[in-house]
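Here the structure comes first, spelled out in structure tokens, and everything after it is commentary.
The values are calculated or read from the model by the stated rules, or taken from the named source; none is laboratory data. Since this is a predicted model, take the numbers as computed values, not measurements. All Cβ positions, glycine included, derive from the backbone under ideal geometry; neighbour counts span all protein chains shown. Please note that ligands, DNA and RNA were not included when accessible areas were found on the heavy atoms of the full protein model with its side chains. Shrake-Rupley method; radii C 1.70, N 1.55, O 1.52, S 1.80 Å.
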Amino acid sequence: MGRPRPATAFRSSNLKSAFTASAWFRTEKSHGWQALFWKGDQPDRDPYSNREFGLFLHGGSVHLSSTPVSRQHRGHIYLDTPRGGVQIDRWHHVAAVLSSDVDGGAMRIYVDGELAASRPYDRSGIRDATGPLWIGGIPGRGVAFRGLVDEVQLWSRALTGDEIRSRMRTS
């Protein structure tokens, strides 16, 4: 596998209140941390307050992490799907949804078109990091994705479950 490279055409300044990121992936291992997407400023260290968002695989589950504006000096909020939902050497579709709208913020993870995990998200907005979006790793962190990532899509709004399923079926 090659080194992770930044997606330099992506600008996140319009993602302050909501976004959806989706992709197809096939992993070669289920242990350890693997970054599918990461957007933030270096260094990316605990409490991960430099992170705009990150989507990872870990132990057969999907992990979504994001730092709301109000937690920039305290750290991120995260969400995990149940372990075992992601099998090695099999294609899966994943969609991560973040919304901080005033009607109620939410973090949601869809795996293969089904809602796998959900939790409330801070209404203060999504932290705006100046660093690029990385697909398949984080520079200097040793969390490279081991496998294939395809058909990455980003939206500047929170897609519904029906929209995610429809787009998954047509991609």
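Quick look at the numbers
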item: At most 14 other Cβ within 10 Å, DSSP loop - chymotrypsin sites (Phe, Trp or Tyr not before Pro), segment 76-171; result: Trp91
item: Stretchable slack from Trp91 to Arg26, in nm (0.36 nm times residue separation minus alpha-carbon distance); result: 22.9 nm
item: Gap separating the Cα centres of segment 83-108 and segment 113-171, nearest whole Å; result: 7 Å
item: Rounded accessible area of His63 (nearest 10 Å², 1.4 Å probe); result: 10 Å²
item: With DNA, RNA and ligands ignored, accessible area of Ser65 (1.4 Å probe; Å², nearest 10); result: 0 Å²
item: Kirkwood-type radius of segment 37-171, with distances r between different C-alpha atoms, in Å; result: 15.3 Å
item: Exposure of Glu151 as accessible area (Å², to 10), given a probe of 1.4 Å and all protein chains; result: 80 Å²
